[in-house]
Amino acid sequence: MSEQLTSHAGGTQGESPSEQVGYRNKVRARWRTLAFEQRLVISLGGALVAAILLWLVDHALGYAALVITTIYWLRHVPARYKLPAEAAFVVLLAILALTWTTPWSLVLLIAVFAAITWIPGNRKAWAVPVAFLVLAILYPFYADQMFTMPIFGVWPDVGTGVYMLVFVMMAVGLNIVVGYAGLLDLGYVAFYAFGAYTAAWLMSLQFPHAHYSLGAVGLLPGWVGVHISIWIVLVLAGCITALSGIVIGLPTLRLRGDYLAIVTLGFGEILPKVAQNGDSLFGFNLTNGPNGITPLDAPGFGHHLSSWTGGFLPANYLQCCTQTVNVGFLHIHHQIQSYDVYFWTAIVLLIFTVFVSLRLQYSRLGRAWIAIREDETAAAAMGIPLMRTKTWAYASGAFFGGIAGAYYAVFKSATFPGDFYFNISVFILCMVILGGMGNIWGVIVGAAFLAYLNQEGLANTGAWLNTNIHVGGWRPNINVPLYASGIYGVIILIVMLFRPEGLIPSRRRAAELHEGVHDEPLYDHEVAGST
Amino acid sequence: MSDDNGNDVLVADNLRKEFGGLVAVNNVTFSVPRGKVISLIGPNGAGKTTFFNMLTGVYRPTSGSVTLLGEDVTGKPPHAITARGIGRTFQNIRLFQNMTAMENVLVGMHARMHANLFNSVLRTPKVKREEQKVRERALELLQFTGLRRKAQEAARNLPYGEQRKLEVARALATEPQLLLLDEPTAGMNPQESAEFTAFVARLRDEEHLTVLMIEHDMRVVMGVSDRVSVLDYGEKIAEGSPREVQKNERVIEAYLGKAAVEDMKRQGLS
């Protein structure tokens with residue numbers, strides 16, 4: 001912790017012979033004077049002891065401690081030790097694998113992470129995302145073969161994976177608004193709701209007087225309502241939500257900073273209320289009120305496309321998939337299920353989101369967003385139309401929020417007003433802050449982690465705590481998920497205190513947070529927001 | 001003033017700005033002829049920067065009009081005025097501190113580019129060509145201002161003098177007809193000021209730019225200006241060649257007080 005602070009201050013003191021140097025600094029100075037070999041032996045020995053102690057608590061904890069230390073040291077050994085060290089590491093992995101006390105998935109995962117650290121820097125930019133993408137796509141096959149994580153327990157199941165991907169998508173969308181353009185949006189959930197209700201209207205029995213279908217799958221005889229193919233609905237949901245973003249944005253984006261946050265907060269509150277009370281809008285049942293709209297049509301490509309691709313694209317997600325994949329020596333026997341297909345579809349949507357987001361970041365518009373974030377006055381003087389540019393950011397963010405909302409509604413086959421409360425807005429914002437505002441990879445990691453915690457992680461952690469912590473016969477018996485909001489609050493607090501730029505920061509954002517931007521308003525109010 | 005005089009890049013007619021009861025700029029009429037360097041001087045608080053901010057659309061004038069290249073731009077927002085040909089720098093440097101020098105200049109080209117959200121996502125050949133072109137142009141501008149080697153350096157890491165230069169490069173990137181410099185040599189040492197004076201002269205002579213600058217350093221003002229206008233308490237009190245202005249009684253009075261003028265007169269008489 002103090003190391004963090006001093007390194008942020010830009011100085012590595014420590015060896016100054018002042019009397020005020022603390023005990024901690026003395027230890028650190030002494031540590032530096034040791035020879036490399038001594039340091040290596042001491043830390044590996046320490047790690048080994050720690051690993052054994054942890055192993056007694058939880059086997060996986062022990063393995064993790066051992067392997068993390070090894071990987072850390074592999075990156076720090078001088079060139080002449082590199083080869084023997086790597087050989088030793090491979091032997092360690094082989095022993096772990098061959099004793100069969102360790103699940104093969106742990107060994108494989110460590111091997112992959114180690115391999116990533118060996119990728120040369122100039123290739124990392126694309127090699128790392130590709131490696132993770134492949135791991136993610138194959139996840140349904142090996143999910144049930146994964147080792148048990150320390151504290152967090154089993155790995156998330158594929159359904160949780162879909163939930164995580166949807167929230168990652170929303171976080172990446174919000175990152176355009178908050179991370180790139182620096183507009184604090186506390187009502188992002190409104191876009192999620194818009195997307196979800198668009199899907200619900202166009203894919204359900206909600207309007208019994210209508211009778212229209214377009215490419216929908218799984219309709220029962222005698223159906224009523226509007227039924228449109230999910231692929232069209234996703235596009236429509238994105239576009240309608242982007243439009244709503246523009247409509248909400250036009251009056252609000254004239255405001256700066258905190259004022260914008262408050263107005264967006266208002267919109268975030270208004271929308272769920274409208275959804276809740278929308279079962280009798282002038283006598284018309286628009287949202288079916290608190291009961292929500294359910295069920296929604298199943299997604300699918302229809303028989304035509306399905307047979308045309310030889311069954312690769314499933315006709316109907318809910319009635320699909322009988323193939324079994326067997327990989328004998330890895331103990332993989334997996335029958336593909338509906339959830340898997342939902343999962344892969346979500347991955348495709350996420351890839352699309354990330355692709356667009358990256359393209360935008362390095363474009364004329366992306367530069368304009370960053371310029372506005374840094375100094376609105378200067379940005380305007382450089383010919384950037386503030387309102388229009390901010391509105392584009394808002395609309396792009398809304399677009400992805402809408403698609404994610406629509407997809408999630410279809411996945412759950414339901415939409416309830418209760419899904420769109422203010423806490424979801426804050427939750428998504430937390431994901432962006434935790435991961436690192438402005439850095440898309442950071443946001444993905446942060447969002448995946450928080451979404452996982454929310455869906456499975458906290459419950460698992462609670463179970464772990466309640467079994468492993470006991471004093472005599474006393475056990476804490478904490479219902480951890482009840483404390484979710486508090487736990488997220490503490491996480492954000494810790495992040496803001498010690499690493500305000502997030503887990504994987506964008507270099508630029510980090511500099512802003514540590515040194516500040518100067519953006520004193522210089523405007524007449526009348527001129528400030530005009531297009 | 002004559003708007004139809006094709007030789008004036010900018011005409012401000014009876015421009016006035018009140019902040020509550022305070023009249024910051026009092027019916028100033030002012031024109032900038034093409035291809036000249038015009039300096040705007042005056043004691044602190046004379047309304048120079050307010051005047052600049054009205055020309056660039058940051059403030060809306062209380063009354064009066066601004067005509068740029070024959071078009072009335074009064075009350076237009078800053079970006080629209082930049083697009084019509086005024087580039088500016090700021091009194092206290094307002095670079096995008098955490099962007100590189102290159103990116104700062106690229107942002108300056110915003111109004112001259114055509115890529116939009118959709119073709120940026122698709123990265124069409126047109127967008128690629130444009131991006132290529134503006135990057136080359138940005139390097140040229142950095143070369144011109146002597147910052148070529150610092151292209152990938154974050155703006156905040158540049159020394160003060162180079163930040164000033166980068167601000168000019170960024171303003172030049174907007175392809176201005178008229179360049180407004182707000183105290184460009186503030187905080188520079190005499191040698192840097194002299195270099196900057198030569199640089200402004202180059203802008204006029206080689207790039208055929210029209211420059212309007214606010215400046216306190218009289219060596220810079222006298223060294224490069226074709227005409228000097230003096231503001232005091234929001235009013236234009238004198239205008240003319242540097243030599244004329246130097247001798248103008250009201251100017252000396254504004255800067256040094258009445259006593260000084262009388263003192264000089266006595267010396268002149270004796």
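The values are calculated or read from the model by the stated rules, or taken from the named source; none is laboratory data. Being a predicted model, the structure only gives us computed values, none of them experimental. Cβ placement follows ideal geometry from the backbone for every residue including glycine, while neighbour counts extend to all protein chains displayed.
Values for this structure:
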| item | result |
| --- | --- |
| One residue from A:322, A:345 being crowded, with 21+ Cβ neighbours inside 10 Å and more than 14 Å from chain B (Cβ to nearest Cβ) | A:345 |
| Residue in the stretch A:451-459 that is modelled with pLDDT of 85 or more and in a loop (DSSP other than H, G, I, E, B) present | no |
| Of the criteria (1) crowded, with 23+ Cβ neighbours inside 10 Å; (2) out of contact with any Pro (no Cβ under 7 Å at 6 or more places or on another chain); (3) in a helix (DSSP H, G or I), which one residue A:438 fails | (3) |
| Of all residues making up the stretch B:143-157, the number that are touching a Leu at 6+ places or on another chain (Cβ under 8 Å) and more than 14 Å from chain A (Cβ to nearest Cβ) | 6 |
| Residue A:223 being assigned by TED's automatic domain parsing to the domain that holds residue A:167 and not in a helix (DSSP H, G or I) | yes |
| Residue that is touching a helix residue (DSSP H, G or I) at 6+ places or on another chain (Cβ under 6 Å) and of a type in the set (Asp, Glu), where the choices are B:162, B:131, B:153 | B:153 |
| Residue within the stretch B:221-233 that is in the same structural domain as residue B:44 (by TED's automatic domain parsing), free of Cβ contacts under 8 Å to residues at least 60 places away in the same chain and touching a strand residue (DSSP E or B) at 6+ places or on another chain (Cβ under 9 Å) present | yes |
| Matching residues in the stretch B:201-235 - criterion: being over 16 Å from the mean Cα position of the chain (by Cα) and of a type outside the set (A, V, I, L, M, F, W, C) | B:205, B:206, B:219, B:223, B:232, B:233, B:234, B:235 |
| Search result, residues across the stretch A:34-62 that are modelled with pLDDT under 75 and buried (at least 18 other Cβ atoms within 10 Å of the Cβ) | A:60, A:61 |
| Entirely in the stretch A:351-425, the helices (runs of 4 or more DSSP H) that have 2 or more residues that are more than 30 Å from residue B:102 (Cβ to Cβ) and more than 10 Å from chain B (Cβ to nearest Cβ) | A:386-412 |
| Among residues of the stretch B:182-235, those that are crowded, with 23+ Cβ neighbours inside 10 Å, more than 26 Å from residue B:19 (Cβ to Cβ) and not β-branched (Val, Ile, Thr), counted | 2 |
| Lone qualifier among B:98, B:104, B:116 - being within 30 Å of residue A:356 (Cα to Cα) and touching a residue at least 60 places away in the same chain (Cβ under 8 Å) | B:104 |
| Selection within the stretch B:62-83 - at the interface with another protein chain (Cβ under 10 Å from one of its Cβ atoms) and closer than 15 Å to residue B:12 by Cβ | B:75, B:76, B:81 |
| Selection status of residue A:437, within 14 Å of chain B (Cβ to nearest Cβ), at pLDDT below 95 and over 14 Å from the mean Cα position of the chain (by Cα) | no |
| Residues within the stretch A:201-218 that are in a strand (DSSP E or B) and farther than 11 Å from residue A:293 by Cα, tallied | 5 |
| Tally of residues being part of a helix (DSSP H, G or I) and under 20 Å from residue B:86 (Cβ atoms) across the stretch B:169-195 | 5 |
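Here is a yes/no grid of residues against (1) at pLDDT 95 or above; (2) surrounded by fewer than 24 Cβ atoms within 10 Å (Cβ to Cβ):
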| residue | (1), (2) |
| --- | --- |
| A:374 | no, no |
| A:377 | no, yes |
| A:387 | no, yes |
| A:404 | yes, no |
| A:413 | no, yes |
